Structures are given as C-alpha cells and as structure tokens.
Amino acid sequence: MIICKKSFLIVFFLIFLQVCIASAQDYIVGEEDVLQISVYEHPDLTTTARIGGDGTINFPLIGHVDVRGLTLPQISKRISDMLSDGYIVDPQVNIFIQEFRSKKAFIMGEVSKPGLHVLHGTTTFLELLSVAGGLTKDAGDRAVLKRKTSSSEEHETIITIDLKRLIEKGDTSMDIAIMDGDSVYIKKAGVFYVTGEVKKPDSYKYEDGTSVIKAVTIAGGFTEKASKGRVKIIRKVNGEEKIMGSVDMDEPVLPDDVIVVPESFF
C-alpha cells in the first residue's frame with residue numbers, strides 16, 4: 001500500500017513537471033524578462049541576459065539578438081543558427097527564464113489586493129485571483145475581463161467569467177489563461193432587502209435565480225403574523241419606485257428589490 005502511494009506521488013509529480021515545462025516552452029518572452037543561457041561544453045558562453053526595450057539581448061560572439069515575440073525553443077534555435085555561422089559547430093543552446101518581468105495584468109474590484117500584477121509564465125484566472133489575495137466577502141458572481149485585440153483602444157474583447165461555476169462547481173472551462181495587458185474587474189454583489197413579518201429582516205447578497213420564496217427563506221421564513229398572500233416587491237424602474245403587489249412565491253427577485261411581508265389582518 002505504501003509503495004503504491006509513493007508510485008502515485010511520483011507519477012503525479014512527473015505529470016505536473018511536464019505541464020510546467022510545456023507551459024514555459026510556450027511562453028512568449030517580453031521586455032524586462034531575464035534569460036539564463038548556456039551552451040553545452042562552452043561554459044565561457046553562459047550568460048544572464050535581460051531583454052531590452054528594443055526586444056533584444058546581448059550574447060557573446062554574436063552581439064545583439066532580436067527575441068521579440070519568440071518562445072524559448074525559438075530563441076534557442078536563433079542563437080544556435082547564429083553561433084553555427086562561423087563560431088561553433090553544432091551548438092546545443094539551453095535557455096530558461098530566470099525572472100518573469102514582461103507580462104502584467106490589472107485586477108480590480110472586489111479582491112483583497114487590487115492593482116497591477118506581474119504574470120509569471122502561463123497564468124490562469126484563478127492564479128491571478130490568488131496573487132490578488134482572493135475575493136472579498138462582497139464579491140459578486142461575475143468577473144469581467146477586457147482584452148485588447150489590437151493596438152486601438154476601440155478593439156477589445158469582453159469575456160464574462162461565472163465565478164460560481166468556476167469556484168463552487170469546479171468548471172475549469174471558466175479558468176481562462178490571462179494575457180499581457182488584460183484587465184479584470186470583479187463586480188460587487190447586488191443585494192436585496194426583506195422586511196416586515198420575517199424572522200430575520202435585513203439586506204442579503206443577491207444570487208442569480210433568487211425567487212421570493214427563496215429570499216423569505218434566507219430571511220428566516222415567515223413569522224406567525226405574516227400575510228403570505230399579500231407579499232409585495234418595491235422595485236426601482238428607470239429611477240422610479242414601482243410597487244408589485246401580491247406577487248407569486250416563484251417571482252424572480254432582482255438586485256435592490258425590497259420584499260415586504262405585511263402583517264395578516266386575522
């Protein structure tokens with residue numbers, strides 16, 4: 001049993017390591033990233049290089065190398081090709097990222113540490129959320145991600161992330177990869193109010209699919225004096241209050257609704 005458990009842990013670690021390596025190989029480098037470069041059997045060429053604002057690094061023998069928009073394997077091949085041109089026969093170039101500095105994303109709204117955060121390699125939404133200290137107690141069920149699709153501010157993609165599906169139901173399709181320049185906003189949860197003949201009249205966090213009966217249940221249920229057939233909703237419509245009288249128990253509740261449970265006459 002112990003051997004099986006150890007074998008499982010070893011296999012899990014190897015799979016995890018392969019995923020990490022694959023992610024690093026797919027990572028496109030950018031300005032301020034720091035690369036550690038070595039050439040097999042040529043220790044004198046081992047170099048630590050920071051990518052400059054022009055997208056280049058400086059490497060012994062060959063000088064400036066343009067690495068803009070390249071992955072690690074592509075940079076390795078480019079340096080190998082340049083070294084092969086009159087310097088070294090069949091050079092074996094190895095590269096890894098010593099410091100991730102180029103990719104950044106904003107996360108604002110209902111998180112503990114809002115602001116600009118550096119993306120260390122391939123970063124998912126949940127990883128960014130973790131770096132930002134997690135959700136506050138007032139966070140809603142939606143996150144909105146804005147992503148530029150061109151250099152123009154007018155061209156951007158809006159992606160909505162269902163936090164309930166992702167966090168509570170484990171739907172990993174919602175855990176999208178975060179890209180450089182993304183802006184994420186965690187919306188504040190809406191609230192509704194329950195007053196009158198309920199056991200715990202108060203304001204409550206709104207969730208999609210909340211009905212009148214669910215709202216009353218959240219508020220502790222009806223008191224003995226409650227007139228269950230005369231429940232009304234006070235709702236703002238275009239800035240004006242609208243009173244909906246004698247609503248059905250399955251009537252959907254909206255954010256900022258006030259549910260009023262009157263006292264029975266009998």
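Worth pointing out:
- In the chain, the longest principal axis of the Cα atoms and the axis of helix 72-84 are about 10 degrees apart.
- Residue 98 versus residue 42: modelled label distance in nm, points set 7 Å from Cα along the beta carbon direction: 1.8 nm
- Taking 7 Å steps out from each Cα toward its Cβ at residue 195 and residue 157 produces label points 4.6 nm apart.
- Separation of the residue 62 and residue 171 label points, Cα + 7 Å toward Cβ, nm: 4.7 nm
- Against the main long axis of the alpha-carbon atoms of the chain, helix 2-26 sits at an angle near 80°.
- The value given for the chain is a Kirkwood hydrodynamic radius of 23.4 Å, derived from the mean inverse Cα-Cα separation.
- Solvent-accessible surface of protein heavy atoms, probed at 1.4 angstrom with all chains present, puts 124, 195 in the order 195, 124, largest first.
- Rounded to the nearest 0.05, the FRET efficiency derived from the C-beta distance between residue 28 and residue 238 at R0 = 35 Å is 0.15.
- Top of 246, 102, 130 by mean-square fluctuation, Gaussian network on the chain, Cα under 10 Å: 246
- Solvent-accessible surface of the chain, averaged per residue with a 1.4 angstrom probe and all protein chains in place: 61 square angstrom.
- Vicinal HN-Hα couplings computed from phi for the range 250-262 (Karplus, 6.51 cos²θ - 1.76 cosθ + 1.60; Hz; Gly/Pro x): 9, 5, x, 9, 10, x, 6, 5, 10, 9, 10, 9, x
- Furthest towards positive pole of dipole, 178, 167, 260, structure part the range 112-266, Cβ charges: 260
- Note on the range 69-195: percent of Cα-Cα distances in each 5 Å bin, starting at 0 and stopping at the bin with the largest distance, equals 2, 9, 16, 17, 14, 11, 9, 7, 6, 5, 3, 1, 1, 0, 0, 0, 0.
- Carbon and sulfur %, accessible surface of the chain computed with the full protein complex present, 1.4 Å: 55 percent
The values are calculated or read from the model by the stated rules, or taken from the named source; none is laboratory data. No experiment lies behind these values; they were computed from the predicted model shown. Please note: Cβ atoms are built from the backbone with ideal geometry, for glycine as well, and neighbour counts cover all protein chains shown. Remember, those area values only see protein heavy atoms, side chains included, never the ligands or the DNA or RNA. Shrake-Rupley method; radii C 1.70, N 1.55, O 1.52, S 1.80 Å.
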